[in-house]
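The values are calculated or read from the model by the stated rules, or taken from the named source; none is laboratory data. This structure is a prediction, so every number in the text was calculated from the model and none was measured. Note that each Cβ is placed from the backbone with ideal geometry, even for glycine, and that neighbours are counted across all protein chains shown.
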Amino acid sequence: MKEYKTINKIAGPLLFVEKTEPVGYKEFVTVTLSNGETKRGQVLETSKDYVIVQVFEDTQGIDKQTYVHFSGEIIQMPVSGKMLGRVLSGIGTPLDGGRKIIPEDKRNIQGEVINPYSRTRPNEFIQTGISTIDGMNTLVRGQKLPLFSGSGLPHNEIALQIARQATVTGEEESFAVVFCAIGITQEEAKQFINEFERTGALQRGVVFLNLASDPSIERIITPRMALTTAEFLAFDYGYHVLTILTDMTNYCEALLEIGAAREEVPGRRGYPGYLYTDLASIYERAGLIKGKSGSVTQLPILTMPGDDKTHPVPDLSGYITEGQIFVSRNLYRKNVYPPIDVLPSLSRLMNSGIGKGKTRADHKALSDQLYAGYAEGLDLRGLATIVGKDALTSRDQRLLSFADTFEKRFVMQGRDENRPIETTLELGWDILSTLPEDELTRIPGDMLEAYYRRETTADEGD
Amino acid sequence: MEVSLSSYSSNTEPRIYKVAGPVVIVENLNGRMYDVVLVGHNKLMGEVIEIEGNKSIVQVYEDTELIKPDDPVENTGTPLSVELGPGLLASIYDGIQRPLPLIAEESSFIRRGVTIPALSREKKWTFVATKEVGDTVKGGDAIGYVDETANFRHHILVPPYTKGTIRDIASGEFTVTDTVCTLEDGTSLTLMQRWPVKKHRPFYDKRWPDTVLVTGQRILDTLFPLAKGGTAAIPGPFGSGKTITQQQLAKWADADVIVYIGCGERGNEMTDVLVEFPELVDPKSGSPLMDRTVLIANTSNMPVAAREASVYTGITIAEYFRDMGYDVALMADSTSRWAEAMREISSRLEELPGEEGYPAYLASRLAEFYERAGRIETLSGGEGSVTVIGAVSPQGGDFSEPVTQNTLRVTKTFWALDAKLANRRHFPAINWLKSYSLYQDQVTPTLERSYPGWVANMKRLMELLSREDELSEIVQLVGSDALPEDQQMTLEIARMVREYFLQQDAFHDVDTFCPLEKQYMMVNLLLSFSDNAYRAIELNKHVDEILDLPSRPMIARMKYERDYKAYSKKVSTQIEKDFNELFGGEKE
Ligand SMILES: Nc1ncnc2c1ncn2[C@@H]1O[C@H](COP(=O)(O)OP(=O)(O)O)[C@@H](O)[C@H]1O
Ligand SMILES: [Mg+2]
């Protein structure tokens, strides 16, 4: 056993241990305080002169009398099919008073890199019942699609509505939810757990809780534990796992803290230069694998500091994930629920999940046209406030009211309203039919022929 | 409990001193810069990147988990090299040229320490010798060929800096390591050769790129053309279309060979290429697109040092095909991830950082990379080219950041992606006011010969679009209704150009690829409509009347027409008819 009492320096979550025998990079570490309390950590740097250990819990109480034990192994977590229905802490200890989980296997929480050659391209449409998502930013099984939100916005409601309503049409399959709280408040966590209990989702779910009051450094491993569990359920048990990770911004703050303690050269806005690589090691843990029946779909939530999408956390996330759903403060203020702004939103996998045989042949063209019309309508809304509505041409006026109708009828829906994809598409056509047919240049002629409402019944210009 | 340092071995064998992520410091290595070393008991591949006293700094291409101080290190004494020979095409490799399909036979996940040769040692190729005993050959000369696919002739070249008289040569069935030719001095030549990736392959001379690389993407070919052997940068924030543009080029560019490097990006995007390319047919050769493609995949969650290497691996393969006299196009998506890999390594080395933490040598590395593009005269007097198209992912979408700026300094085509356009689903979201091509003057004379008026048309389109920009500033102040009719007409024509011509749907069967001739016809129709429209305005017709003409939506649908020649004629006749009716007897 390699155990030492040679801590030389303590800086934030980091311990500098001297005079050790050779210790492996990323080795799992336990630290034993003089009062018997133990804490866990990991080797961040190792050399003949000293070893840097990152402790996952707070370093309070650690002193030079503390024992540091190096395990010789990387961090592994016990996994089991029996984890379903359990509530665990941010480092995997049961919080629900239930029985100890008897491991079926142990897995490296860093996860392994899926060979791109072994991936299956995600292409199954998940119906969420939310028009702005299904119609215009379609979620696909195995996708990583985050909610980009701001503090105080109803991202949790949206995530819950998705978790509640998500179905793959024509299939009754084994579906599981892994919920991972990263530094969120007790109330927020309760909101999720209560809802999971109410809908029975908890029986088919695993909850990991790192709350705002828990040590921030623990946040480095909580999402990794959650994803290790999700992968186990997906690829060993064949579940289709929806993984909700909230709030990724708190995760990044924890990384920032470690970077600062190590006195690293920072990248943009103080965040470590490896933030992209680190986030990728989380977000890339989604998808489908050839020859395996399950899947991991990720729905991370992040709050953009100052609602700024150029902030490194949303920015680098957007570069890795397969699109993003924007929750907008503007729409929220206008009492639009769900306040999803479709313009900056995107589902990169939409094209492989929609169309003939999946949703409907006109889906893409319809979506593109809605985008084009709404974007132009919004520009004109800005213009109308400056020059007045009357200074606009009749075409422009039509687009202006199109944007309003779009928000009121297409975007807005009830918290429990679960719209089938047909309903969403028909709604789209109702709204588009308030515009003259020949202005719908995004839509091929045969589709206009089939779907455009010649006798428009839509309430024009409301 | 406590141990003294003496528990470490004290011999002078190379041993690990320190491990910090992908950076490992080794004592007593006695190596040279860029030597490949094998680190630890698993023999993980790494490369010497700095030497200081008795310590060598090594970047390791694989995860360094559980590597310990005092672990052994072995020096191979050779720099990181790639294998070049038959079997490259249709392959997918990781950043250090390990074949991913073979790795996948073991597990769906990538394990460490795997060593599988890049080119199959078992497969036999039919070699046809084109040189004879007694011929003298030198580096770059072809001694024969292998028909690697139905439509691709892989020339077997004498490696650079080798020369002599052939003592022995024979056609037949050979593996890549069999000797197919022996020189008088005993040098034996095989179908395969190796080349160190960080060194460019030699050529005789560089020439001006003067032929357009046809991409079938309207905004590129017509407004901002790229030349064979040229360089292009595609910067843009996330979701603006870098990857789709790169994939479109990989699919449709009229190059002989495509090298596509997924550098630090999504795993699923590589899967996309793997699924799609074998299904798509190369319009030029009639074979599956995959047959002319080499994929290098270092996804964002793979080790960063290998990400750094992936770009060099790719460009070396590209140069190799160039040396056979082919036109090669290389896409790197994204060069920013490559730069970030450099930053990560540099920060582990505690080097003095430059702007935004990037190393001071960022600019020179980027310049060296793009410098490996070019239209060249090969060592044997032929001509080949490597075109390099690099995606750039500026943080926060801000083009003033170091990677974008340093790239723009060395690339000659700039396709500026714009989030605003992407948000409204105007694709390709290339901003026509910011983008440019410095190859325009070189490549347009040939285009003009085939398509008279090409240059003038292009200039008219650009003028129209910048006029629209000026006018929309006025609209912002007074509203669109306040503009005089002719200016309103300008806005409408510009809208037609944007929506009917510039917008192009990569996912539409027909629209995804637009031949040059079709582009030319579309522009002619638009300009003919425009000329007539202005004349109508002069004759006091109203904008609304003109917009209602049936020929207008017909122009809009042209992009979806497969039989574009017949359709173009139809539309042209309709335009004439529409305006004749509109002018009534007034037209002279
Ligand atoms: N030429 C195009 N035609 C149609 N859609 C496009 C085109 N270019 C981009 N898109 C859309 O934009 C999305 C993002 O494009 P992508 O190339 O992945 O962006 P980036 O690489 O810049 O993040 C795609 O998923 C696709 O829906
Ligand atoms: Mg991309």
Output yes when any residue across segment B:404-417 is assigned to a helix (DSSP H, G or I), within 14 Å of chain A (Cβ to nearest Cβ), among the polar types (S, T, N, Q) and within 16 Å of ligand 2 (Cβ to nearest atom), and no when none is. yes
Within segment B:247-268, which residues are part of a helix (DSSP H, G or I), in contact (Cβ under 8 Å) with a residue 40 or more places away in the chain and within 14 Å of another protein chain (Cβ to nearest Cβ)? B:Gln247, B:Gln248
Determine whether B:Arg322 is of a type in the set (Lys, Arg), closer than 28 Å to B:Glu50 by Cβ and either touching a residue at least 12 places away in the same chain (Cβ under 8 Å) or within 16 Å of ligand 1 (Cβ to nearest atom) (or both). no
Kindly indicate whether B:Gly230 is more than 20 Å from B:Ser380 (Cα to Cα), more than 16 Å from ligand 2 (Cβ to nearest atom) and in contact (Cβ under 8 Å) with a residue 60 or more places away in the chain. yes
All-but-one check, B:Glu561 against (1) away from every other protein chain (no Cβ under 13 Å); (2) touching a helix residue (DSSP H, G or I) at 6+ places or on another chain (Cβ under 6 Å); (3) farther than 17 Å from B:Asp486 by Cβ, failing number (1)
For segment A:270-293, enumerate the residues that are more than 12 Å from the chain's Cα centre (by Cα), in a helix (DSSP H, G or I) and facing chain B (nearest Cβ under 9 Å). A:Tyr276, A:Thr277, A:Ala280, A:Ser281
Looking only at segment B:320-340, and only at residues there that are over 28 Å from B:Glu401 (Cβ atoms) and under 13 Å from the mean Cα position of the chain (by Cα), the one that is nearest to ligand 2 (Cβ to nearest atom): B:Val328
Pairs, please: C-beta under 8 Å, at least 6 apart or cross-chain, first residue over 14 Å from B:Ile219 (Cα atoms) and acidic (Asp, Glu) and in segment B:493-515, second within 16 Å of ligand 2 (Cβ to nearest atom) and part of a loop (DSSP other than H, G, I, E, B)? none
Determine whether segment A:249-267 contains at least one residue that is assigned to a loop (DSSP other than H, G, I, E, B), within 12 Å of chain B (Cβ to nearest Cβ) and within 18 Å of B:Asn268 (Cα to Cα). no
Can you tell me which residues in segment A:14-60 are more than 9 Å from chain B (Cβ to nearest Cβ) and outside any strand (DSSP E or B)? A:Leu33, A:Ser34, A:Asn35, A:Gly36, A:Glu37, A:Phe56, A:Glu57, A:Asp58, A:Thr59, A:Gln60
Any idea which of A:Ser352, A:Ser367, A:Ser317 is modelled with pLDDT under 95 and within 16 Å of ligand 1 (Cβ to nearest atom)? A:Ser352
Kindly check whether there is at least one residue in segment B:284-301 that is assigned to a strand (DSSP E or B), among the aliphatic types (A, V, I, L, M) and under 16 Å from A:Ile320 (Cα atoms). yes
I'm trying to understand the selection: among the residues of segment B:418-444, which are in a helix (DSSP H, G or I), in contact (Cβ under 8 Å) with a residue 24 or more places away in the chain, surrounded by fewer than 21 Cβ atoms within 10 Å (Cβ to Cβ) and out of contact with any Pro (no Cβ under 7 Å at 6 or more places or on another chain)? B:Thr444
Candidate set from segment B:498-524 (those that are touching a helix residue (DSSP H, G or I) at 6+ places or on another chain (Cβ under 6 Å) and under 14 Å from B:Ile430 (Cα atoms)); member that is nearest to ligand 1 (Cβ to nearest atom): B:Ala506
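Here are some residues: B:Glu344, B:Glu355, B:Glu340. Which one is within 16 Å of ligand 1 (Cβ to nearest atom) and among the charged types (D, E, K, R)? Step through it out loud before you land on a result.
On the way: B:Glu344 fails: within 16 Å of ligand 1 (Cβ to nearest atom); B:Glu355 fails: within 16 Å of ligand 1 (Cβ to nearest atom).
Matching residue, one of B:Glu344, B:Glu355, B:Glu340: B:Glu340.
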Residue by residue through segment B:378-420, note down the ones that are β-branched (Val, Ile, Thr) and within 16 Å of ligand 1 (Cβ to nearest atom). B:Ile389, B:Val392, B:Val403, B:Thr404, B:Thr407
Of the numbered conditions (1) part of a loop (DSSP other than H, G, I, E, B); (2) touching a Lys or Arg at 6+ places or on another chain (Cβ under 9 Å); (3) free of Cβ contacts under 8 Å to residues at least 60 places away in the same chain, A:Arg453 satisfies every one except a single condition; which is it? (2)
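From B:Ser466, B:Ser568, grab the single residue that is within 30 Å of B:Lys251 (Cβ to Cβ), modelled with pLDDT of 95 or more and among the polar types (S, T, N, Q).
Values: B:Ser466 fails: within 30 Å of B:Lys251 (Cβ to Cβ).
None of the others qualify; the one that does is B:Ser568.
So, in segment B:326-335, exactly how many residues are within 15 Å of ligand 1 (Cβ to nearest atom) and at pLDDT 95 or above?
Within segment B:326-335, residues that are within 15 Å of ligand 1 (Cβ to nearest atom) and at pLDDT 95 or above number 3.
Considering only helices (runs of 4 or more DSSP H) fully contained in segment A:295-405, which possess at least 3 residues that are within 16 Å of ligand 2 (Cβ to nearest atom)?
A:312-320, A:350-353
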Would you be able to say whether some residue in segment B:218-233 is more than 14 Å from chain A (Cβ to nearest Cβ), within 16 Å of ligand 1 (Cβ to nearest atom) and of a type in the set (Val, Ile, Thr)? yes
Counted residues, segment B:235-262 - those being more than 8 Å from ligand 1 (Cβ to nearest atom), in contact with a strand residue (DSSP E or B) (Cβ under 7 Å, 6 or more places away or on another chain) and over 16 Å from B:Ala318 (Cα atoms): 1
Given (1) surrounded by 15 or more Cβ atoms within 10 Å (Cβ to Cβ); (2) basic (Lys, Arg); (3) over 21 Å from B:His426 (Cα atoms), number of the condition A:Arg415 does not satisfy: (1)
Looking for whichever is of a type outside the set (Lys, Arg), within 11 Å of chain B (Cβ to nearest Cβ), surrounded by fewer than 20 Cβ atoms within 10 Å (Cβ to Cβ) and free of Cβ contacts under 8 Å to residues at least 60 places away in the same chain here; the options are A:Ile74, A:Ile10, A:Ile101. Which one fits? A:Ile74
Could you look through segment A:407-443, keep only residues that are within 14 Å of chain B (Cβ to nearest Cβ) and more than 35 Å from the chain's Cα centre (by Cα), and pick out the one that is modelled with the lowest pLDDT? A:Asp438
Taking only segment A:54-70 into account, find how many residues are within 13 Å of A:Lys9 (Cβ to Cβ) and among the small types (Gly, Ala, Ser). 0
Return the total of residues in segment B:531-567 being more than 29 Å from B:Thr512 (Cβ to Cβ) and in a helix (DSSP H, G or I). 12
Looking at A:Val168, A:Val140, which is the one that is among the aliphatic types (A, V, I, L, M), more than 20 Å from A:Cys252 (Cα to Cα) and within 14 Å of chain B (Cβ to nearest Cβ)? A:Val140
